[in-house]
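Below is one structure, written out as structure tokens; comments come after it.
The values are calculated or read from the model by the stated rules, or taken from the named source; none is laboratory data. Note that this is a predicted model, so its numbers are computed, not measured. Note: ideal-geometry Cβ built from the backbone for every residue, glycine included; neighbour counts use all protein chains shown. For accessibility, only protein heavy atoms count, side chains too; no ligands or nucleic acids. Shrake-Rupley method; radii C 1.70, N 1.55, O 1.52, S 1.80 Å.
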Amino acid sequence: MRELPFSPVDTLESTEEFPRFWTRETLHQVVERVLQGYKLIVVSNREPYVHRLEGGHVVCERPVSGLVTALEPVMRASGGTWIAHGSGNADREVADAAGRVPVPPEAPSYTLRRVWLSKEDEQDYYYGFANQALWPLCHIVFQRPVFRTEHWNAYRRVNRQFAEIILDEVRDLASIVLIQDYHFALLPRMLREAQPRLLIAQFWHIPWPNPEAFRICPWSEEILDGLLGNDLLGFHIRYHCQNFLETIAATVEARVDEEQSCITRRGRTTFVRPFPISLDIDAISEEARSPVLAERAEALRRELGLHGQRIVLGVDRIDYTKGIPERLRAFDQLLQSHPEHRGQVTFVQIGAPSRSRIPTYKALAAELDSLVADINWKYATDRWTPVIYLDVAHSPQEVLAFYRLADVCVVSALHDGMNLVAKEYVAARPDLDGVLVLSRFTGVARELEEALQVNPYAVDDLAHALHLALTMDASERRARMAALRDTVARNSIYRWAGKIVSAMGRIAARRRFEGTL
Ligand code: F6P
């Protein structure tokens with residue numbers, strides 16, 4: 001192979017095409033320049049718009065998802081196609097025969113193409129292989145993965161079904177395919193074999209485990225080979241990239257270049273890079289400052305009887321990776337060891353139900369009910385309920401109102417790719433008040449160094465961190481929150497998307513030089 005006239009994809013930050021502060025506008029410009037002449041196809045399991053029947057009417061909802069917020073500006077700027085599972089009960093009603101629907105509904109600028117899955121495939125691919133095998137396998141929270149051949153077969157079948165629909169969208173057009181997450185590990189290879197000229201990138205939103213943990217998967221080689229169909233594979237943090245390189249070196253025949261962080265197999269190279277996902281701090285801060293939100297927060301305080309209370313808040317999907325029982329036990333411990341907080345502090349846990357068809361998720365929901373009942377039984381008085389547990393989905397505005405009320409926000413995930421709740425809380429506090437207690441086993445802990453970082457398995461330490469947070473003086477709270485906000489502002493969601501798009505631009509240039517595009 002001829003020597004390349006530039007280094008592949010790792011010097012992006014130092015080039016002039018890389019702005020220091022990314023905004024929606026700079027992202028728009030970069031997308032227009034880099035994607036010129038290419039059709040953009042985004043693929044995810046969750047769709048960006050869901051149509052549901054409510055009271056005889058079709059309503060369109062936007063799922064609460066960092067992924068949707070991140071990719072919408074890219075889609076709007078490129079006018080491409082987003083391919084996803086059509087999961088709403090009115091999705092078919094509004095789509096054409098091929099499953100296409102123009103979105104956003106109020107001002108269409110790109111196409112959503114829905115993929116229809118049978119109930120059996122949804123059960124075995126999504127609830128089965130994706131969420132009972134890969135999810136626990138990658139998170140390593142001592143939840144044993146379930147490996148069933150029928151789940152694996154459905155995972156393969158659904159990946160194939162998506163591949164065919166993507167190829168139908170691509171036809172002969174020069175295209176960039178951006179695949180999201182662990183639902184589609186086999187898809188890159190399927191696409192690469194059918195269309196060698198495609199540019200393919202994937203972002204893996206969950207952790208990647210060490211080789212020892214990963215090798216228990218009976219289909220490990222097929223999964224790794226599938227992922228090496230990508231030109232670019234992204235993780236949130238460098239540690240997960242490193243784990244992936246080591247897993248490849250230990251499992252399949254391929255040349256691993258640690259220096260360049262890339263892998264070459266069968267003459268094709270996959271670059272592996274960290275892209276820490278984020279959010280739009282300016283948009284969230286502006287909403288958090290609005291008088292409407294202040295009113296909503298005060299209304300919540302009244303409705304929940306929180307007058308005069310300090311509030312510790314947890315916001316999560318109900319998932320065993322989030323460390324919710326550990327946090328409740330820590331709160332119990334806090335009330336034991338520091339009785340001065342009794343009657344003064346209320347723990348509010350918002351838990352959005354999730355994947356509730358899976359037995360481990362049902363068991364967790366029951367465990368949480370019982371823990372909350374125990375704590376309230378032990379300490380409640382006529383005038384004070386220690387724990388308020390709201391196990392229903394809340395709108396983003398509602399969650400923002402809770403962030404405004406929270407003196408302390410606790411993120412105690414046992415392992416997490418990133419965890420956007422931590423960044424949301426910081427974004428929601430332009431008043432510079434509030435303390436973040438954060439598990440050091442989240443990807444976000446690498447960025448948010450000024451949070452009170454804890455090991456969530458160590459219940460006493462977590463209880464102590466809650467005590468420190470509740471007794472921290474105002475000047476320290478302000479200094480920490482200002483530093484956290486500065487970090488989140490620099491690393492915005494537009495930077496995340498912009499870095500991926502720019503890296504794909506560099507890879508396209510490299511492949512043109514090699515003659516493979
Ligand atoms: O963290 C990985 C992820 O897929 C996120 O992208 C998403 O917000 C979350 O899990 C919830 O996933 P689901 O689509 O299963 O509700």
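Cβ-Cβ distances below 6 Å connect the following pairs, each with a first residue in segment 199-215 that is without any contact (Cβ under 8 Å) to a residue 60 or more places away in the chain and more than 16 Å from the ligand (Cβ to nearest atom), a second residue that is of a type in the set (Gly, Ala, Ser) and open to solvent by 10 Å² or more (accessible area, probe 1.4 Å), and a separation of six or more residues or different chains: PRO211/ALA250. Output the residue which, of all residues in segment 149-169 that are touching an Asp or Glu at 6+ places or on another chain (Cβ under 7 Å) and open to solvent by 60 Å² or more (accessible area, probe 1.4 Å), is nearest to TRP82 (Cα to Cα). Restricting to residues being touching an Asp or Glu at 6+ places or on another chain (Cβ under 7 Å) and open to solvent by 60 Å² or more (accessible area, probe 1.4 Å), the top hit is ARG157. Taking the listed residues THR442, THR471, the one that is open to solvent by 60 Å² or more (accessible area, probe 1.4 Å), among the β-branched types (Val, Ile, Thr) and assigned by TED's automatic domain parsing to the domain that holds ASP416 is THR471, with no other qualifying.
Checking THR346, THR360, THR381, THR385 one by one, the residue that is among the hydroxyl-bearing types (Ser, Thr, Tyr) and within 26 Å of SER285 (Cβ to Cβ) is THR346 and no other.
Any residue at all in segment 81-91 that's among the acidic types (Asp, Glu) and open to solvent by 20 Å² or more (accessible area, probe 1.4 Å)? Among the residues of segment 81-91, not one is among the acidic types (Asp, Glu) and open to solvent by 20 Å² or more (accessible area, probe 1.4 Å), which makes the answer no. Evaluation of ALA413 against the conditions (1) closer than 15 Å to ALA330 by Cα; (2) outside any loop (DSSP other than H, G, I, E, B) shows that the sole unmet condition is (2). Screening GLU326 with (1) buried (at least 17 other Cβ atoms within 10 Å of the Cβ); (2) over 23 Å from HIS139 (Cβ atoms) gives one miss only, at (2).
Could you please find all residues in segment 329-353 being open to solvent by less than 20 Å² (accessible area, probe 1.4 Å) and either closer than 23 Å to ARG301 by Cα or not in a helix (DSSP H, G or I) (or both)? Listed by number, the residues that qualify are PHE331, LEU334, LEU335, HIS341, VAL345, THR346, PHE347, VAL348, GLN349, ILE350, GLY351.
Of all residues in segment 131-174, those that are part of a helix (DSSP H, G or I), small (Gly, Ala, Ser) and farther than 30 Å from ALA413 by Cβ total 1. Just one of the listed residues (VAL421, VAL459) is at pLDDT 95 or above, open to solvent by 30 Å² or more (accessible area, probe 1.4 Å) and β-branched (Val, Ile, Thr), and it is VAL459.
Counting only strands (runs of 3 or more DSSP E) that sit wholly inside segment 22-75, those with at least 2 residues that are within 16 Å of the ligand (Cβ to nearest atom) and either aliphatic (A, V, I, L, M) or in contact with a strand residue (DSSP E or B) (Cβ under 6 Å, 6 or more places away or on another chain) (or both) are 39-44, 50-54.
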